[in-house]
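Report on the following structure.
The values are calculated or read from the model by the stated rules, or taken from the named source; none is laboratory data. What you see is a predicted model, and the numbers here were worked out from it, not measured in a lab. Positions of Cβ are generated from backbone atoms using ideal geometry, with glycine treated the same way; all protein chains shown enter the neighbour counts.
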Amino acid sequence: MADEKKPKIDLKARLGKPSTAAAPAAAPTAGIPVPSVPPPAAVSSGGLPPPSGVPMPVPVPSPSVAPPPNLDPTNPLAAATGALRPQQAQQRPAAPATPPPPQRIEVDEVAVQEAAKSAFKKAMIAGGILAVAFGAVGFVAGGASTKGDGIKASVRDAADLKTKVTKSKTDLEGLATKLEEGAKSLGDRKFPASLAKDLGGINIDFDGSQLAGRRFAAFKPTAVAQLVSYVTAVQDINDRKSSVVSLLNRLQKPLEAQFADTSKGKISYVVVFTKDPSQNLTAVLSPLTAPIAITDPAKVELPKDFAFINPLTKGNMGAPATTSKIDEKSAIYVLPKSVDANFPSETAGSVAQLRAQLGNIVAAIRGEKAPAGGDAVTESKPGLSEASDKLVKALEEIH
């Protein structure tokens, strides 16, 4: 019995498959788990092979086992079974980030225009400063051999600039005089017909081009700063003068028509007395159907009855004119000056606006003086004329 061999167990037969002696058992595919059914007889049989017909468990490879070389690392199946190496998983491209949604930016056109104007003025100032700086750099780059020539040229430029600043002050004073005369004429109810032409012929010739090509080797920094500030202020005066010329041309015809009226005012409104629902005496401001001209303020002639328009009903009405007794059936006229003060007409407002602009330019040139005695709010402000004097003095000190 010892020589007898134990019978071979045919796994294929037990699995219900045809036995093939010559063909070796195929190895299970790595990485593909096969569901296993635990053999119930493995425990009860004391380690004996399970009875025929019960499938044997198939070993499942551990996830730490590396995949075979022929398995594509990008295959989703490899990632699902954990067969993808950690370093390979790190090399997988990251998903592209979702771009943020576009945002709409609304810009106020008016704000852009105002910002553009401010930027232009600042650029002009910066341009003047850069022109001065480049002139100084050009001198330094020349080396010590040209130092003496540079200083001499700088002194000549200072003398030339002094002459031009002096002339510009004369032109500024002439401009201020013309503006004062125009404001006085408007105050006398006479349109200054020649003012627009006179202002158009005045140009304060001291802009940024006066600094081009100058040598500033002998200039003090304060003198350079005064030059740039003066150029900016003169340019502002020229711009404001151009605005006044445009305003004069636009208002000439309506103001001439208004000033041509030789009457001393017109009665355009009356106050009509009536009673409210509570029987209180009240007044209604009503416009006359036809204004009444005043030729002599000392002798105002009134009609017996006023014809006016009821502003509440928009209907034509009439009431007797009264000079003494006030009752619910009477009406009195409203002083024209009080109406103009409370309800200025378009032309009257234009006159005030025009005079204000003329006065502001004069103040910018000649300065503003504080009232006698002074106070904590109002202070004297130097004008461009005084600034030109200080600049001339600074240029005289360059030698």
Inset, instruction - Only one of these is part of a strand (DSSP E or B) and surrounded by 12 or more Cβ atoms within 10 Å (Cβ to Cβ): ALA363, ALA394, ALA307. Name it. - result: ALA307
Inset, instruction - Can you give me the number of residues within region 194-248 that are assigned to a helix (DSSP H, G or I) and among the basic types (Lys, Arg)? - result: 3
Legend entry - Residue identified as farther than 22 Å from LYS264 by Cα, assigned to a loop (DSSP other than H, G, I, E, B) and modelled with pLDDT of 90 or more among LYS314, LYS329, LYS325: LYS314
Inset, instruction - Pick out the one residue from VAL300, VAL272 that is β-branched (Val, Ile, Thr), over 22 Å from GLY315 (Cβ atoms) and either surrounded by 14 or more Cβ atoms within 10 Å (Cβ to Cβ) or at pLDDT 85 or above (or both). - result: VAL300
Legend entry - One residue from GLY187, GLY200 being out of contact with any strand residue (DSSP E or B) (no Cβ under 6 Å at 6 or more places or on another chain), in the same structural domain as ASP149 (by TED's automatic domain parsing) and either under 23 Å from THR347 (Cβ atoms) or surrounded by 21 or more Cβ atoms within 10 Å (Cβ to Cβ) (or both): GLY187
Inset, instruction - Show the residue pairs that are 6+ apart or on different chains and have beta-carbon atoms under 7 Å apart, the first residue being within region 321-349 and without any contact (Cβ under 8 Å) to a residue 12 or more places away in the chain, the second being surrounded by 11 or more Cβ atoms within 10 Å (Cβ to Cβ) and in a loop (DSSP other than H, G, I, E, B). - result: THR322/SER330
Legend entry - region 339-351: number of residues that are part of a helix (DSSP H, G or I) and surrounded by 12 or more Cβ atoms within 10 Å (Cβ to Cβ): 6
Legend entry - Failed item in (1) hydrophobic (A, V, I, L, M, F, W, C); (2) in contact (Cβ under 8 Å) with a residue 40 or more places away in the chain; (3) closer than 30 Å to ILE361 by Cβ, with VAL270 passing the rest: (3)
Legend entry - Search result, residues across region 293-311 that are of a type in the set (A, V, I, L, M) and more than 20 Å from LYS264 (Cα to Cα): ALA307, ILE309
Legend entry - Where ASP261 falls short, out of the listed (1) surrounded by fewer than 17 Cβ atoms within 10 Å (Cβ to Cβ); (2) at pLDDT 95 or above: (2)
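Let's see how each residue does on (1) of a type in the set (A, V, I, L, M, F, W, C); (2) touching a helix residue (DSSP H, G or I) at 6+ places or on another chain (Cβ under 7 Å); (3) under 16 Å from VAL245 (Cα atoms):
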site	(1), (2), (3)
LYS147	no, no, no
ARG156	no, no, no
ALA159	yes, no, no
LYS164	no, yes, no
THR170	no, no, no
ASP198	no, yes, yes
